[in-house]
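The values are calculated or read from the model by the stated rules, or taken from the named source; none is laboratory data. Values in this document were obtained by computation on a predicted structure and should not be read as measured data. Counting neighbours? That spans all protein chains shown, and the Cβs are built from the backbone with ideal geometry, glycine included. Heads up: the accessible areas ignore ligands, DNA and RNA and are worked out on the full protein's heavy atoms, side chains in. Shrake-Rupley method; radii C 1.70, N 1.55, O 1.52, S 1.80 Å.
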Amino acid sequence: MKTISNLIKNQKETVENDSLRFLSGHVFSKSINHKYIRLSNRSGTYIHVYSEQDQYTEPIFTARLHWMNFMKDSIFDINGDKIRDLAIHWYPSSGCCLADIYYCCIYDENTDHFSEKLEILNPTFYPDQFQTFSMTYGHPGETKFYEFKWTNNTLDTLKSYEWNDRSHNHIILTNFKTGTHTDLKNIPKNLPELYGFDWFMMRLNNEDEK
């Protein structure tokens, strides 16, 4: 905290490297200045955001991750409202399967605060379409894609795509708006573009392959 406090008071120039990221100015808002700090050391990776609204006194956002799990931090429009948000990418220390996890924190310019961390697994973001896709955790060929739509700070589940079984005879499309299930013989055109698609397409023939 002493290091962060010193950065808030004294750091002027942008810094971006593996151990420190310091940004100042219109980082998230076009009308409010912020100071963004991501500091990594052996005790963890710390991310703090401060606002000029209170003269950078108290952070409006904090997060801490183990340094071995932290992958990267990204600032971009997640939900399609043309305002930059924060995504924190981390990866679990153990597990069998693909698990790129993002904490999505939506910035609200009206309140100058961030939403609670929304965890999205293996995501693909399409902010121009107000959409995010997520592939679930599971063995190759046994995962499911979810299609979401953003409504301000929340996600509405639109559809899911999953194999019928290990034969991969067809994909079951579930429409959560209508409650209908459709068997698809062909791969939907939007799926090959998604993160995790190769994993989704793999096949396991027997239990020994798990």
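Structure data summary
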{"quantity": "Close pairs from the range 134-146: first over 21 Å from ILE78 (Cβ atoms), partner acidic (Asp, Glu), Cβ under 7 Å, at least 6 apart", "calculated": "LYS144/GLU162"}
{"quantity": "Residue count, the range 110-133 (criterion: open to solvent by 60 Å² or more (accessible area, probe 1.4 Å) and touching a residue at least 40 places away in the same chain (Cβ under 8 Å))", "calculated": "5"}
{"quantity": "Criterion violated by SER29 - all others in (1) touching an Asp or Glu at 6+ places or on another chain (Cβ under 9 Å); (2) assigned to a strand (DSSP E or B) satisfied", "calculated": "(2)"}
{"quantity": "Residue tally, condition surrounded by 17 or more Cβ atoms within 10 Å (Cβ to Cβ), charged (D, E, K, R) and closer than 22 Å to LEU118 by Cα, over the range 152-178", "calculated": "1"}
{"quantity": "Criterion: under 27 Å from SER94 (Cα atoms), over 23 Å from the mean Cα position of the chain (by Cα) and not assigned by the TED database to the domain that holds LYS82 - qualifying residue of TRP199, TRP163", "calculated": "TRP163"}
{"quantity": "Close pairs (7 angstrom Cβ cut-off, 6 or more residues apart or separate chains): assigned by the TED database to the domain that holds CYS105 and over 19 Å from GLU13 (Cα atoms) in the range 37-54, aromatic (Phe, Trp, Tyr) and in a strand (DSSP E or B) anywhere", "calculated": "THR45/PHE70"}
{"quantity": "Number of the condition not met by PHE28 [criteria: (1) touching a residue at least 60 places away in the same chain (Cβ under 8 Å); (2) open to solvent by 30 Å² or more (accessible area, probe 1.4 Å)]", "calculated": "(2)"}
{"quantity": "Residues satisfying the stated conditions in the range 1-25, i.e. in a strand (DSSP E or B), open to solvent by 20 Å² or more (accessible area, probe 1.4 Å), under 21 Å from TYR107 (Cβ atoms) and touching a strand residue (DSSP E or B) at 6+ places or on another chain (Cβ under 7 Å)", "calculated": "ARG21, LEU23, SER24"}
{"quantity": "Members of the range 185-204 found to be open to solvent by 30 Å² or more (accessible area, probe 1.4 Å) and either assigned to a loop (DSSP other than H, G, I, E, B) or in contact with a His (Cβ under 6 Å, 6 or more places away or on another chain) (or both), listed by number", "calculated": "LYS185, ASN186, ILE187, LYS189, ASN190, TYR195, MET202, ARG203"}
{"quantity": "Enumeration of residues in the range 61-76 that are over 11 Å from the mean Cα position of the chain (by Cα) and open to solvent by less than 40 Å² (accessible area, probe 1.4 Å)", "calculated": "PHE61, ALA63, LEU65, ASN69, PHE70"}
{"quantity": "Per-region count, the range 95-121, residues in contact with a helix residue (DSSP H, G or I) (Cβ under 9 Å, 6 or more places away or on another chain) and of a type in the set (A, V, I, L, M)", "calculated": "1"}
{"quantity": "Count - residues of the range 77-105 that are open to solvent by less than 60 Å² (accessible area, probe 1.4 Å) and over 18 Å from TYR46 (Cα atoms)", "calculated": "9"}
{"quantity": "Conditions (1) open to solvent by 50 Å² or more (accessible area, probe 1.4 Å); (2) part of a loop (DSSP other than H, G, I, E, B); number of the one not met by HIS181", "calculated": "(2)"}
